[in-house]
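Here's the structure, in structure tokens; my notes come after.
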Amino acid sequence: MDVAAVEAILEKYPQVRGNLIGILHEVQNHFHYLPEAELRYISKRTGIPITQIYSIVNFYNRFSLTPKGRNEVCVCLGTACHVNGAEKVLNAIEEKLHIKPGETTDDMRYSLEEVRCIGACSLAPAVVINEETYGQVTPRQVGKLLDKYK
Ligand code: FES
């Protein structure tokens, strides 16, 4: 368990109660998921019941209790992306990474997720890798795109 990392995050939030979601986001960004030991530490340290923390974690699908890859690849399968070939883009990514949506590569380099409309319909089909949005993605571009992320 990395107490120092959690403490560094908690120190940024003197008012823990109203900022629990922000804290959990930062913990997830640091570890690429929310480890149980760290959640229990936050509970003990802040006095927020662990059940309350888990109910927040389970409510937001952005949070993950299982380890994620260093790079999160999200393929939009919303209507605009779907009609512009998102399935083929997803298939190309699945073939390249040998994983399905919801899975992580063995080397922890990538996690793959499906999402429904990221608000970039004019760019359809769209793929988001970490914080970066790519538009008009074609299956042929997928290899080069993914190789940019180590
Ligand atoms: S449907 Fe993909 S961005 Fe809107």
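Bear in mind these aren't lab numbers, they're just calculated from the coordinates by the rules spelled out. Owing to the predicted nature of the structure, the values given are computational and were not obtained by experimental measurement. So basically every Cβ, Gly included, is an ideal-geometry build from the backbone, and we count neighbours across all protein chains shown.
With only Cα atoms counted, the stretch 3-59 has Rg and Dmax values of 10.0, 27 Å.
Taking Cα pairs under 8 Å and at least six residues apart, what relative contact order does the stretch 1-74 come out at, in percent? Don't skip to the answer; put the middle values down first.
Values: 56 pairs, mean separation 24.1, N = 74.
Normalised by residue count, the contact order of the stretch 1-74 is 33 percent.
The alpha-carbon of Lys144 sits under 17 angstrom from the alpha-carbons of these aspartates and glutamates, leaving out residues fewer than 8 places away in its chain: Glu72, Glu94, Glu95, Glu132.
Just need the relative contact order of the chain here, percent rounded to a whole number, with Cα pairs under 8 Å and 6+ apart.
21
Over 24 Å, how big is the tail of the calculated P(r) for the stretch 1-129, in percent of all Cα pairs? Within the stretch 1-129, distances greater than 24 Å cover 40 percent of Cα pairs. One equal scatterer on each Cα of the stretch 71-147, no solvent, Debye formula: the resulting log10 I(q)/I(0) at q = 0.19 Å⁻¹ is -0.67. Cysteines in the chain lacking any other cysteine Cβ under 4.7 Å from their own Cβ: Cys74, Cys117, Cys121.
Of all the options Pro14, Pro35, Pro101, the one that moves most in a Gaussian network model of the chain with Cα springs shorter than 10 angstrom is Pro14. What is the sum of charges, Lys and Arg at +1 and Asp and Glu at -1, for the other residues whose Cβ falls under 10 Å from the Cβ of Lys100? Counting the neighbours of Lys100, the net charge comes to -3.
Annotation: amide H-H contacts under 5 Å for Tyr110 (H modelled 1.01 Å from N, sequence separation of 5 or more, or interchain): Arg70, Asn71, Thr105. For the chain, adding -39500 (n - 2.57) for each run of n ≥ 4 DSSP H residues and dividing by the number of residues yields -12500 deg cm²/dmol at 222 nm.
For the pairs Lys12/Lys148; Lys12/Lys100; Lys44/Lys100; Lys68/Lys148; Lys12/Lys150, flag any whose C-alpha to C-alpha distance is greater than 25 Å. The answer is Lys12/Lys148; Lys12/Lys100; Lys44/Lys100; Lys12/Lys150.
May I ask you to order 103-112, 118-127 by the average number of other C-beta atoms within 10 Å around their residues, highest value first?
On the way: 103-112: 16.5, 118-127: 18.9.
The densest-packed peptide leads the list: 118-127, 103-112.
Local charge sum around Leu77 (other residues, Cβ-Cβ under 9 Å, Lys/Arg +1, Asp/Glu -1)? Computed value for this residue: -1.
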